[in-house]
1. Can you tell me the orientation of helix 296-330 relative to the chain, as the angle in degrees between its alpha-carbon axis and the longest Cα principal axis, to the nearest 10?
2. Send over a whole-number figure in Å² for the accessible area per residue of the chain, probe 1.4 Å.
3. For the chain, with all protein chains present and a 1.4 Å probe, just round the carbon and sulfur fraction of the accessible area to a whole percent.
4. Let me check against my output: what whole-number percent is the relative contact order of segment 1-150, with C-alpha pairs under 8 Å and at least 6 apart?
5. Going by alpha carbons, how many degrees (0 to 90, nearest 10) lie between the helix axis of 342-351 and the longest principal axis of the chain?
6. Between helix 138-147 and the chain, what is the angle of the helix's C-alpha long axis to the longest principal axis, kept within 0 to 90° and rounded to the nearest 10?
7. Rounded, prolate or oblate: which one fits the chain, using the alpha carbon gyration tensor with axes a ≥ b ≥ c (rounded when a/c is under 1.5, else prolate when a/b beats b/c, else oblate)?
8. Quick check: Cα centre of segment 328-346 to Cα centre of segment 63-138, how many Å?
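The values are calculated or read from the model by the stated rules, or taken from the named source; none is laboratory data. Bear in mind the structure is a predicted one, so any value in this text is a computation, not a measurement. Counting neighbours? That spans all protein chains shown, and the Cβs are built from the backbone with ideal geometry, glycine included. Ligands, DNA and RNA are excluded from the accessible area calculation, which covers all protein heavy atoms including side chains. Shrake-Rupley method; radii C 1.70, N 1.55, O 1.52, S 1.80 Å.
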Amino acid sequence: MLLAWPKGPLADTLIPVPEKKPTTYWDYIKLEQLTALQGGLADSDEEISNDEVLFITVHQIFELWFKLILKELRATRDLFRSPRVAEQELSGAVRKLKRVTTILRRCVSHFEVIETLTTRDYLSFRDKLFPASGFQSRQLRQIEIVLGLRDEERIPFGSEGGYVAALKEPDGTASVSMRKVQETVAEGESLSEAIDEWLFRTPIDGIGPEDPGAAIALDRFLTRFLENYAAESDIARNIALSHARNQDEVRRIDEIYSDERASVGAFFNPAEKKGGERRRRIRAAALFVETYRELPLLAWPREVLDSLVEMEQQLTVFRQRHARMVERAIGRRAGTGGTAGVAYLDKTALKYRVFKDLWAIRTLQIRREAASDLDNPDYYSFLQPE
Ligand code: HEM
């Protein structure tokens, strides 16, 4: 190895450093390799239309962002998988989730670029894509798996074997994409499962799930909260009723509010197959954190919950935006990947949610001044009492 000797008065006292080739932008970014990748199935750039280069480039840009999203989500998942998540780690987790949200927001606006392609522009090269499709994007599948989308929640799309089989090579063997997706499944506990576990451990009124009196404390909080909620719901119903113009409207309003009340009751009494007592505590903990978010030790947990909802909202917007772009490009015809096209994409936008409880408690939240004081507020201050 070449060694460069430092010059100047201190030269004799310094340790020689290896001589290193100065970094260049093109080497660091791998510019030549990167710009050689937009040829699609053609042998050279000259044989491919600008429209097709646009199509390939936009997909590649998304895949690069998916790669970073996946890294951030895995890191967040790993943090929440630990048996104890230190308070000081939470702001870092929120930063990661916010980065994912920002990237997804950019991805959404990126669809505008592909919309410069007209239907006929796209049809001019579409046939050669069959049976390939964005449906085979293993990174989107990995993101869904890391987040916690379960197989039974996926929309069937007509092909035998579902999304994993769609990643087989044409000769039926496992592709690299398929193996990577299977490896991600094997990584185990997802981010939403880890968040559930973290919420489950969250002390309610200062009492954790393993502490004596845990069940009593949980019931006390829920009874208190549901009374507060019922009072708030009555106020809202009476305001709505005061605007009713006839008896039909009165009946309709009454029905809406009593249905809402019933669904809130059911939400805190999930059946065994929906998680039973465990799920009840997780939901109550999320609500507790949201209700008393001004307390110092609950402020960051609340930011975590809010960032998860914000991120999932953006992922949903991404799916909806893709569906509208597709509808504009190809109408309602079947996709190259074999799904019903837009109809399939719209279903995924509606159904693919993993943080359902965090969304649900938005329906339940009440004004700060309407929530009774909690027992043991000092437990959630920075300085624990002597
Ligand atoms: C002219 C542009 C596009 C059209 C017409 C189009 C069309 C479609 C259709 C019809 C599907 C459903 C699967 C199928 O049957 O093929 C699909 C899925 C998908 N597309 Fe696109 N797409 C376009 C651009 C993009 C871009 C730029 C991306 C960016 C990554 C993308 C990513 C995906 C993904 C990830 C899926 C799978 C969605 C899921 O299964 O949840 N597509 N696309």
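1. Relative to the chain, helix 296-330 is tipped by roughly 60 degrees.
2. Per-residue value: 58 Å².
3. After summing per-atom areas, the C and S share lands at 56 percent.
4. RCO, segment 1-150: 23 percent.
5. Value to nearest ten degrees: 50.
6. Value to nearest ten degrees: 30.
7. Taking the square roots of the gyration eigenvalues as a ≥ b ≥ c, the chain is oblate.
8. First find each Cα centre; the distance between them is then 21 Å.
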